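Asks: One structure, as structure tokens, below. Some questions next.
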Amino acid sequence: MEEWLEVSELIDSIQKSASDANDAVGGLHDYIDGAFADGIISEAEAKAIEKYINTVKNTKASVEATYNKLYVNTYLVGVAKTNLLNAKISLFGAIDNLLAAINVAIADGQTTIAEKKNVDDKFALFNSTLASFNTAVEAANQSIQDALKQFADDNKAEL
């Protein structure tokens with residue numbers, strides 16, 4: 001059935017996008033840990049952080065585009081669809097909060113212990129919401145596969 005293949009490819013795509021988001025945020029986290037170590041953010045460090053932030057934003061857009069294709073699948077209904085939506089909202093909120101915390105921390109060229117802790121907390125929240133998002137994607141996939149199987153079984157019975 002062509003729909004099985006389309007859903008499978010879509011799930012692979014969204015999982016790759018989510019993995020790319022994790023990699024982008026991971027690279028940003030690693031760089032920030034080093035840049036925050038001395039409490040001073042040089043102009044070069046700020047520019048590098050901005051490049052990482054742009055990568056995270058681009059990856060977020062990619063996740064959203066793929067998510068939108070999955071979310072509108074006619075076989076995705078009920079709790080799985082609601083959970084996917086909620087997981088996406090939480091993930092995107094975590095990304096936005098992380099980027100805002102980073103921007104606050106680097107704005108004046110210095111970072112305090114409180115700003116570093118805030119950024120670290122936002123990274124931890126991102127990791128948690130990404131895991132929840134991936135779980136919701138897997139549940140959505142299973143829900144779609146179950147609906148497709150039911151559709152196929154119902155049509156076999158009519159033949």
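Asks: Could you calculate the FRET efficiency of D154 with K16 from 1/(1 + (r/R0)^6), where r is the beta carbon distance between them and R0 is 35 Å, rounded to 0.05?
Replies: Numbers: r = 32 Å, r/R0 = 0.93.
Given R0 = 35 Å and the Cβ-Cβ separation, E is 0.60.
Asks: Please give the length that would be gained between V77 and D23 if that part of the chain were fully extended, namely 0.36 nm times their separation in residues minus their C-alpha to C-alpha distance (nm, one decimal). Present the calculation step by step, with values, prior to reporting the outcome.
Replies: On the way: separation 54, 0.36 × 54 = 19.44 nm, distance 3.03 nm.
Extending this stretch completely gives an extra 16.4 nm.
Asks: Could you check the simple spin-label distance between S128 and F92, using points 7 Å along Cα→Cβ, in nm with one decimal?
Replies: 2.1
Asks: Next question, about the same structure. Quote the Stokes-Einstein diffusion coefficient, in whole µm² s⁻¹, for the chain, based on the Kirkwood radius over alpha carbon pairs, a temperature of 4 °C and a viscosity of 1.567 mPa s.
Replies: Translational D for this selection: 76 µm²/s.
Asks: Turning to a different aspect of this structure: List the lysines whose Cα lies under 28 Å from the Cα of K149, skipping any in the same chain that are fewer than 8 positions away.
Replies: K16, K69, K81, K88
Asks: Taking the chain as the reference, fit the longest principal axis to its C-alpha atoms, fit the long axis of helix 43-71 to the helix C-alpha atoms, and give the angle between the two in degrees, 0 to 90, nearest 10.
Replies: The answer is roughly 10 degrees.
Asks: What's the carbon and sulfur percent of the chain's accessible surface, probe 1.4 angstrom, rounded to a whole number?
Replies: Exposed carbon and sulfur together represent 54 percent of the surface.
Asks: Helix 2-36 versus the longest principal axis of the chain: what is the Cα-based angle in degrees, 0 to 90, to the nearest 10?
Replies: 10
Asks: Among the aspartates and glutamates, which fall within straight-line cross-link reach of K116, defined as a Cα-Cα distance under 17 Å, with same-chain neighbours fewer than 8 residues apart omitted?
Replies: D30, D33, D38, E45, E50, D96, D108
Asks: Could you tell me the largest-minus-smallest coordinate of the C-alpha atoms of region 101-159 on each of the three principal axes, in descending order and whole angstroms?
Replies: Computed over the Cα atoms, the extents are 71, 16, 7 Å.
Asks: Taking the Cα centre of the chain as origin, sum charge times position over the Cβ atoms of Lys and Arg (+1) and Asp and Glu (-1), and report the length of that vector in debye to the nearest 20.
Replies: For the chain, the charge dipole is close to 280 debye.
Asks: Using the charge dipole of the chain (Lys, Arg: +1 at Cβ; Asp, Glu: -1 at Cβ; taken about the Cα centre), state which of I102, N134, T74 has its Cα farthest towards the positive end.
Replies: Working it through, the farthest residue towards the positive pole turns out to be I102.
Asks: Given a 1.4 Å probe, how much area per residue of region 66-159 is accessible, in Å²? Please report the intermediate quantities before stating the final value.
Replies: Values: 5070 Å² over 94 residues.
Per residue, region 66-159 has an accessible area of 54 Å².
Asks: Using Cα centres only, tell me the gap between region 8-49 and region 93-112 in whole Å.
Replies: Using only Cα atoms, the two centres lie 13 Å from each other.
Asks: Using only Cα atoms and rounding to the nearest 10 degrees, what angle (0 to 90) does helix 78-106 make with the longest principal axis of the chain?
Replies: That works out to roughly 10 degrees.
The values are calculated or read from the model by the stated rules, or taken from the named source; none is laboratory data. None of the values given here were measured: they were computed from a predicted structure. In this analysis, Cβ positions are derived from the backbone assuming ideal geometry, glycine residues included, and neighbour counts consider all displayed protein chains. Quick note on the areas: whole protein, heavy atoms, side chains included, nothing else; ligands and nucleic acids left out. Shrake-Rupley method; radii C 1.70, N 1.55, O 1.52, S 1.80 Å.
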